[in-house]
Each structure stands twice: as structure tokens, then as C-alpha cells.
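*Asks:* Sending over a structure as C-alpha cells; questions will come in a sec.
The numbers here are math on the coordinates, done by the rules we state, and not lab data. Here the structure is a predicted model, which is why all the values come from computation and not from measurement. Glycine also receives a Cβ, built like all others from the backbone with ideal geometry; neighbour counts cover every protein chain displayed.
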Amino acid sequence: MKPILEIQNISKKYRIRGQESPYLTLRDSIMSFGKKSLKISKDEFWALKDINFNVYPGESIGIIGRNGAGKSTLLKILSRITPPTEGRIISRGRVASLLEVGTGFHAELTGRENIFLNGSILGLRKEEINKKFDEIVDFSGVEKFLDTPLKHYSSGMQLRLAFAVAAHLEPEILVIDEVLSVGDAAFQKKSLGKMEEVTKQGRTVLFVSHNMAAVQNLCSKGVLLELGRQLTLGKIDDVINRYSLNNRTSKGDQIINLRSLQRSGPNSEMFNLTRLLIKNDKLYEGQPIKFEIEFEILAPQKELLIGFSITSLQNILLIENRSTATYNKLNLNKIGNYKIECECQLFLKSGVYNLNLGARAYNGLLDYIPSSTILEILPSKGNKNWNNWNKPNNGLFIIESKWNLINYE
């Protein structure tokens, strides 16, 4: 079977310009004749370098990496929005992409007109678009606003319509960036379900997200990028594990810059979670986790609480804990940077989990970062010789127990 996408030695270079010559009128040009022009510095920046992998029909590929790794640049090249500097893409199918809210839409056209515009861009005839029209409208939930110009749609409405168009017009290749984080939780769940349906129909999905639960559920394979280079390609669980290890310092601490992550929360001008430091070199079953969360106060906060939750990669809530366990009411009136430390006994079995962070005050949600990092819990050192049938603990949690044998004959 031939690949539906062949990515061959793809590299992308940008020039970072320094100080540039100002705009000169004819008079300025005459007056400056014979003088040295202002020097322009041109530094080269490689956003991608030597990316190689093949994608086969029906595969779902998760492209993961930290901010600045080159994920969005790669998707733009695959979607033919920008050309590569080096290398080539061989595509054997139509590509529909959803990279930014409003991409491919015309603000002055109505929702109805934009559906037909996008369909024609994909090479579909009007009759083919008509067959899918009702499904698109029903999935997007914007029926009441179909004949309203797109410029009056909210970002969530634009996202729902754009995704519905991309998923229902049956491209062979569907390319989705982190843009789904704009939608609410119900729409994200609905969209992920639709993408699973797309792959079962034999079509191909390339998906970028910082939400490892979504990536693990949807994708069978993964590509890990770091500073524009391809670190690994393989089974999605292996790639997620490698991504987790790459966040560690030379001391073994895991540091995450929270400012760069996707989040939800209405009060970014009042409060921000900024940095997470996990102090465990390695985390074993039954071992407490130690971490600190840094945050900035931009306006006085009354009854502040910081919290975390741990979810499975299937997004099942396992643990939730808040600073109210120690500080019942945390009132911070001084603007500045703070950090709060936490040590917590988890009692989770070995495996890979999502760590989510959040903050609230008396007036509501301040910040929430789903899947801020991946936690890998290793098997207890003392349990290496247990077989699957005689382990003292199975399931998700470790429990402490004491057994007493009594001969009552």
C-alpha cells in the first residue's frame, strides 16, 4: 500500500530581520545619494529541519512537542499554506485543514455561502456539497445564523462551522491544530468522536494538541518534535512517554513553562499560572509527589485557591486536591509573583497520567490548564518479581492492607 502522505526531508527556514531602512521619499533618496544605507541584519531561523515520515490511509497521527517545536509550521506545509524551504511533500488525497479560527472563511460571506466556498476549494461540485449540507449544519449548531455574515459569529461559532465543514466534506486527509481548544468541553468531545469516525472510514487524521488524553485516545502513532527536529516516530504511548522525559532538567526535575500552554480562564489580566516544577527525579508507586506552582497576581485576590487534578489518558478524573487542604482562605492583596509548594501521597498504580492545574477566587475561575504535563509513575522497586496473577494490587490505585490468617479448626 502506498502512503497517502510522504514527508521527505522537509525543512523550513525563516529570516529574522533586524533594523531596516525607513521608507524614503524621492527627495530623501536624492539627499542621501552617496551616503551609506542603513544595514539590515538577516538572521536565519530553521523552524523545521529534516522531517521524514510516511502516513498511510486510515492512520491517525498525533504530532506533539512543546511550544516552538515546529508543529504548526509542519501542518501549514502539509496544508500547502506555506512552502517548505527544502524537501517535498507527496500527497495522494485531498487535504482539509483547521489550523486557526476562521481559516478559509470569508468574513463578509454568510455561513451558508462559506460552506459552499470551502467545498469548492476542496474541488467538490455543488451537488456533492448539497448532499452533506444538512449534516454540516446540524453538527455545527448554527442553523439560526446560516444567513448571517460570518463577521458577526463568535469564535466558538466559527470553530464549530469550520470543523463541521472540514469533517463532513470527506477529504482523504484531515489536518487539525490546537484550535479545538477554543470550543467548549461538549464540542471538543463531539469533535473527537467525529475524528474517530473519520479514521474508521479509512481516512487519515493528523492532529496537534497539548492535551495528551485527546491525542492518546484518537491517535495510534505519534511524531515528537523538539526545536524543529524530529526526535521520534512510533506508537503513540511510546512517543508520549518520550515527551514526558524531555521536560526534565539535568537534576531530574521537571520544569514546565505554563505561560506557553493552552488554557481556559477569563481573568488573564488579573492572574496567571506561570511555572510548574516537579521535584521528583523519578516517581514510583506509593511515593509522594513533590512540586511547586508559580503564579503572578496582577490584581488583589480574595479567597484564592490553587489546585490540581490527575486524570487518566482516557480523561477519567482520578484525584483532585486544592490548597484549601492547608489554607482555608488565602487572601493576597499584594501584586507580584508567588509560588506554592505541595507534597501529596498519590497511591496510583504505575502508568502514564495527565496533571491538570487550576486556580479560583471568590468571584470564579481565574486560570485552568488541562494536561499541563504528563506524569509517569514507575512500578515499585520492591514489586519487580510479582507476576500479573499474584500482584497484591491491581486496578488504578494502591491500597495499604493487612491480612491475618487464622486456623479455626
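*Asks:* Given the Cα-Cα distance of ASN321 and ASN363 and 0.36 nm per residue of separation, how much length would full extension add, in nm?
*Replies:* 13.2 nm is the gain from fully extending ASN321 to ASN363.
*Asks:* Just how large is the dipole of segment 254-382 about the Cα centre, in debye to the nearest 20, putting +1 at every Lys and Arg Cβ and -1 at every Asp and Glu Cβ?
*Replies:* 80
*Asks:* I need MET195, MET270, MET212, MET1 ordered by Cβ neighbour count within 10 Å, fewest first.
*Replies:* Sorted ascending by nearby Cβ count, the order is MET1, MET270, MET195, MET212.
*Asks:* Between SER260 and VAL352, what is the label-to-label distance in nm when each label sits 7 Å out along the Cα-to-Cβ direction?
*Replies:* 2.0
*Asks:* Same structure, new question: Please rank VAL223, VAL137, fewest neighbouring Cβ atoms within 10 Å first, as an exposure proxy.
*Replies:* Working: VAL223 26, VAL137 18.
Result, fewest neighbours first: VAL137, VAL223.
*Asks:* Another question about this same structure. For THR373, what residues show an amide H to amide H distance below 5 Å, using hydrogens built from the backbone and excluding near sequence neighbours?
*Replies:* LEU355
*Asks:* What does the extension gain come out to for SER91 and HIS106, with contour length at 0.36 nm per residue minus their alpha carbon separation?
*Replies:* Gain on stretching SER91 to HIS106: 2.8 nm.
*Asks:* On full extension of the chain, what length is gained from ASN130 through ASP147, given 0.36 nm per residue of separation minus the C-alpha to C-alpha distance? Walk me through the numbers on the way to the answer.
*Replies:* Details: separation 17, 0.36 × 17 = 6.12 nm, distance 1.59 nm.
Full extension from ASN130 to ASP147 adds 4.5 nm.
*Asks:* Rank these for me by crowding, LEU317, LEU192, LEU174, going from fewest to most other beta carbons within 10 Å.
*Replies:* So the residues, fewest neighbours to most, are LEU317, LEU192, LEU174.
*Asks:* What number, in percent, do you get for the relative contact order of segment 254-382 if the mean sequence gap of Cα pairs under 8 Å and at least 6 apart is divided by its residue count?
*Replies:* 32
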